[in-house]
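Undergrad: Okay, handing you the structure first.
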Amino acid sequence: MTDEVHWTRPDAPEVAGMMAELLQEYVSRYGQAARERMERFPDESLTPPDGRLMVLLRGGTAVAGGAFRRYDSETAELKRIWTHSSYRRQGLARQVLSVLEAESARLGYRRLFLTTGPRQPEARGLYLAAGYTPLFDVTVPPAGPLPFEKALLVRT
């Protein structure tokens, strides 16, 4: 079955399950403070013209997704990278990254920035494997947010 890229809005029905599972995942790893961190910025920042939110649909079911928003004039910040717990280890997160990278570049961003948490080793591994540059010392055990960046090739 082929996965379909679906650009949508944070308040769309197909996003509700994604956000609920993502919040549950963050709270299980970081406690209730994760709820405040996740609600720190408005969902509108994930919508055009400066941001986008996408889900991968498989047979009409959201199996993975992610978003970006404007960080500065040349940088998009990746947010809400997620894979449904029943569909992990299938390369879906890498597929989401590829789609978000291409769309960010299409909109003129030249750099991507993101942070992941110290209790998400699978995310850290994903970003390293996908060519993101760590903005922290990878030889030191993580204690706080782990920032990454990646230059984008912008076609003119």
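Undergrad: If I model a spin label at R37 and T61 as a point 7 Å from the Cα along the Cα→Cβ vector, what separation in nanometres do I get?
TA: 2.9
Undergrad: Given R₀ = 22 Å, FRET efficiency for R70-W7 by Cβ-Cβ distance, to 0.05?
TA: Values: r = 16 Å, r/R0 = 0.75.
It comes out at approximately 0.85.
Undergrad: Bin all alpha-carbon pair distances of the range 79-156 at 10 Å intervals from 0 and give each bin's fraction as a whole percent.
TA: 17, 49, 29, 5, 0
Undergrad: Continuing with the same structure: Among S104, S86, S73, determine the one that fluctuates most according to a GNM of the chain built with springs between C-alpha atoms less than 10 Å apart.
TA: Taking springs between Cα atoms under 10 Å, the residue moving most is S86.
Undergrad: Moving on to the next point. State in Å² the accessible area per residue of the range 1-112; use a 1.4 Å probe, count heavy atoms of protein chains only, and round to the nearest integer. Don't skip to the answer; put the middle values down first.
TA: Values: 5750 Å² over 112 residues.
Value for the range 1-112: 51 Å² per residue.
Undergrad: For Y30 and R94 in one chain, what is 0.36 nm times their gap in residues minus the Cα-Cα distance, to one decimal in nm? Could the numbers behind the result be given before it?
TA: Details: separation 64, 0.36 × 64 = 23.04 nm, distance 2.38 nm.
Fully extending the segment from Y30 to R94 adds 20.7 nm.
Undergrad: Let me ask something else about it. Using a 1.4 angstrom probe on the protein heavy atoms only, line up T61, T2 by accessible area, largest first. Don't jump to the answer; show the numbers that get you there.
TA: Details: T61 65, T2 120 Å².
Of T61, T2, the descending order of accessible area is T2, T61.
Undergrad: I've got another one for you. Relative contact order for the chain: what is it in percent, counting Cα pairs under 8 Å that are at least 6 residues apart?
TA: Values: 247 pairs, mean separation 28.7, N = 156.
Normalised by residue count, the contact order of the chain is 18 percent.
Undergrad: Just the number, please: carbon plus sulfur as a percent of the accessible area of the range 97-156, 1.4 Å probe, no ligands or DNA/RNA counted.
TA: Values: 1920 of 3320 Å².
Solvent-exposed carbon and sulfur of the range 97-156 make up 58 percent of the total.
Undergrad: GluC sites (Glu not before Pro), restricted to the range 75-156: which are DSSP loop and have at most 15 other Cβ atoms within 10 Å? Walk me through the intermediate numbers first.
TA: Values: sites: E77, E101, E103, E122, E149; in loops: none.
Of the GluC sites (Glu not before Pro), not one in the loops of the range 75-156 has a Cβ with at most 15 other Cβ atoms within 10 Å.
Undergrad: Just report the Cα centroid separation between the range 110-156 and the range 3-42, whole Å.
TA: So the two Cα centres are separated by 20 Å.
Undergrad: Please identify the trypsin sites (Lys or Arg not before Pro) of the range 1-89 that satisfy two criteria: DSSP loop assignment and at most 10 other Cβ atoms within 10 Å. Which are they? Could you put the intermediate results ahead of the total?
TA: Working: sites: R29, R35, R37, R40, R52, R58, R69, R70, K79, R80, R88, R89; in loops: R40, R88, R89.
Taking the range 1-89 and a limit of 10 other Cβ atoms within 10 Å, the loop trypsin sites (Lys or Arg not before Pro) found are R40, R89.
Undergrad: To the nearest 500 deg cm²/dmol, what mean residue ellipticity at 222 nm is calculated for the chain from DSSP H runs of n ≥ 4 alone, each contributing -39,500 (n - 2.57), summed and divided by the residues?
TA: Details: 4 runs with 48 residues, N = 156.
After summing the helix terms and dividing by residue count, I get -9500 deg cm²/dmol.
Undergrad: Taking the structure as given and computing Rg and Dmax of the Cα atoms in Å, which label from (1) 18.4, 64; (2) 14.9, 45; (3) 15.0, 47 fits?
TA: Answer label, from the structure shown: (2).
Undergrad: Choose one answer from G131, G117, G108: the residue with the largest mean-square fluctuation in a GNM of the chain with alpha-carbon springs under 10 Å.
TA: G131
The values are calculated or read from the model by the stated rules, or taken from the named source; none is laboratory data. Just so we're clear, the structure is a prediction, and the values are computed from it rather than from any experiment. Note: ideal-geometry Cβ built from the backbone for every residue, glycine included; neighbour counts use all protein chains shown. Note: areas computed on protein heavy atoms with side chains; ligands, DNA, RNA excluded. Shrake-Rupley method; radii C 1.70, N 1.55, O 1.52, S 1.80 Å.
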